[in-house]
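Right, one structure below, let's go through it.
Read-outs: derived from the displayed coordinates by stated rules, not from any lab. Small disclaimer: the values here were computed from a predicted structure and weren't measured. Neighbour counts run over all protein chains shown; Cβ positions are idealised from the backbone, glycine included.
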Amino acid sequence: MSELDFPDIDSNIFDEDSGKEDGEVNKQASFKRFEIHEGIMFCIELSEHMFEVQDELDGKSQIEVILTSLSELMELLIVTRPSTAIGCYFYNCEREDSKESIFEFIPLVDLNVQWMKKVNDLLEDVSNQRITFKEYLNYNIDQNKKLNIPILLEKLFSLILETFNRNIEGQKEFNSKKVFLFTDNDLPNVESQQRSIDVLKGILKDIDDNMINFTNFFISKKDKPFNPAFYSKVLRNDRDYNSLGSQAYFGPSTKPIGVNDIKERIFQRKEIRRVVFQCPLVLDEGTNFVISIKGYSIFNHEKGSVRYKLVYENQEIRKEAFSKRKFINPKTGEDVSKQTVKIIPYGEKEIEMEDKNIANALNVYGNTSASLTVIGFLNEDNSLVFYNNIDKTLFITPDENVIEGSFTAFASLFRTLKKLKKVGVVWGSTKSNSSPSLYLLWPSKDDDNNQGFYLTKVPFIDEIRKYPTLSNININEEWEEYKNVKELTQGIISHFNLKSGYHAEEFRNPALNRHYKLLHDYLLQVEIPQDDNDIRDRYLREDDTLLKITKIRERIMKDTTIDDVEKRRLSKYLEVWNIYYRKFKEDTNQTSSSLLKSEKKPKLNL
């Protein structure tokens, strides 16, 4: 499970990816569901700094971190989204098989074992010191210094446009297109590059028209921060910038990142932002003040892909088989598929209904247009309670393509509600086939990764269930024992705080992980160590939750072996906590048994 990122509503310039939504194939108001076919193109500029081993990366180079992340990303996507296409291209590269200093390491095609194995083999060869990345990519600093990077970028951007528009037999057209651009070369002399900037912006206009989004990895050096001036001018969308102004500028981020953030950012940006609904938001019915919004799912859950397909052999060529259903007369064996009709039982009668009649009835009586209306406001402290959360919370952003000015009004509402510590009460339905409901529209916090509104469904009275009774003992929070246990628990938990936060994607599904690990090792011919017979070690490698629990247990056991008794606070906390726990358990059992005895019905002496 992984959390998605969204642009910053409250900033002057968006610090995230382009405002175009992933999978959006046109800018019309209508919203259609379709299968996502995503293409991700890694474009990596080679430089001397890319090959240097760095302490911040645990003795690895940037190029190794990028390719390791690429390999792990392919392993993840082959499980969850096997139809994704990934390509990897090195520019400023002088290999013999490169074209115009651009080397196609992996072509942009749907994931398959051949290209996964190529990445895995290169990483294995470098790890075993059979070859270095410099030797493989034939990088020569003196020769590569002669290359004109702006001219090379023109060729690269033209290649990006050509690659995403290329027709590949048996592969669907991309409806989500991403470019991951890696470089530590900032080209600071902007004035001398004006001609190149103009040419690049012309190519980027075509790239933008084809809905290709850039995610930039501008890597700073220790002694020299990355200067984004050149790329800020090149990647800025002047059409949106001039029409919407800097306050609502949609464009890819040109903020530099540290070397430690490369892997995290790759996995963060590979997520698809899935549009759950699109509808108008009525801010004031009296003045017909309406804006357009989009709702996104915040989390994606890891799910297994289709495990098999039915195929048949035809002239030594394997082809996919498809199923077809027929209705057969049981007596004669005649195909009566075209003679079947739909009926609706009504008492003793049977009403015949054609598909067009059913569609017409749904259109007249069943469908209402999706719309949300703000009907009031509440204090934040009194309205946001955890037990009212009965459905998944959605993230809301403005949709400038449908109603112009939506972004400005949305940002103003965001700042006002945040300042007053209020939440909006919203009534309506997010989809045409859903029933109207009450929602709370509340702004995100300052420390939240997302900047915008969250939409939480509020339950009606019949949707609230009473919590079951957990114990027959009425625990008084003023009891001395209760306070002691509370303090002990706080002391124990303080030893196991999540210093780096909780990242859901780090806890994989163990069943899926093992299934695809077997396929991965078999297809990529990964050797299994001969001493790999310990079942316990194998389980710990395959189940991240078990590994986490084991580490906590080892931490506790290690604390018990400390010679200085005064420093063994964790083990002492647990010993005292267990004493209280056993006491509570005994008291609960005694109370339960006495209650059971008292509830027995008296026998009548007849």
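Along Cα→Cβ, 7 Å out, is where each label goes; now give me the distance between the ones at Q129 and L420 in nm to one decimal.
6.9 nm
Just order 396-406, 486-496 by mean Cβ neighbour count inside 10 Å, highest at the front, would you?
In descending order of packing, they fall as 396-406, 486-496.
Using modelled backbone amide H atoms (1.01 Å from N, in-plane), which distant-in-sequence or interchain residues come within less than 5 Å of G405's amide H?
Those lying under 5 Å, H to H, from G405: there are none.
Going by average Cβ neighbours within 10 Å, how do the peptides 331-337, 407-413 rank, with the highest at the top?
Taking the mean over residues of other Cβ atoms within 10 Å, the ranking is 407-413, 331-337.
Between E173 and S432, take the C-beta separation as r, use R0 = 30 Å, and let me know the FRET efficiency to the nearest 0.05.
So the FRET efficiency works out to roughly 0.60.
Points 7 angstrom from Cα along the Cβ direction at E481 and R195: gap in nanometres?
Those two pseudo-labels are separated by 8.7 nm.
Find the all-direction average of the projected area of the Cα convex hull for the stretch 312-366, expressing the result in square nanometres with one decimal place.
Averaging across all directions leaves 7.8 nm² for the Cα convex hull.
Using the per-residue mean of other Cβ atoms lying within 10 Å as a proxy for protection, in what order, highest first, do the peptides 64-77, 216-229, 541-554 fall?
64-77, 216-229, 541-554
Please report the antiparallel percentage of the DSSP beta bridges confined to the stretch 87-239, to the nearest 5.
Antiparallel: roughly 40 percent of the beta bridges in the stretch 87-239.
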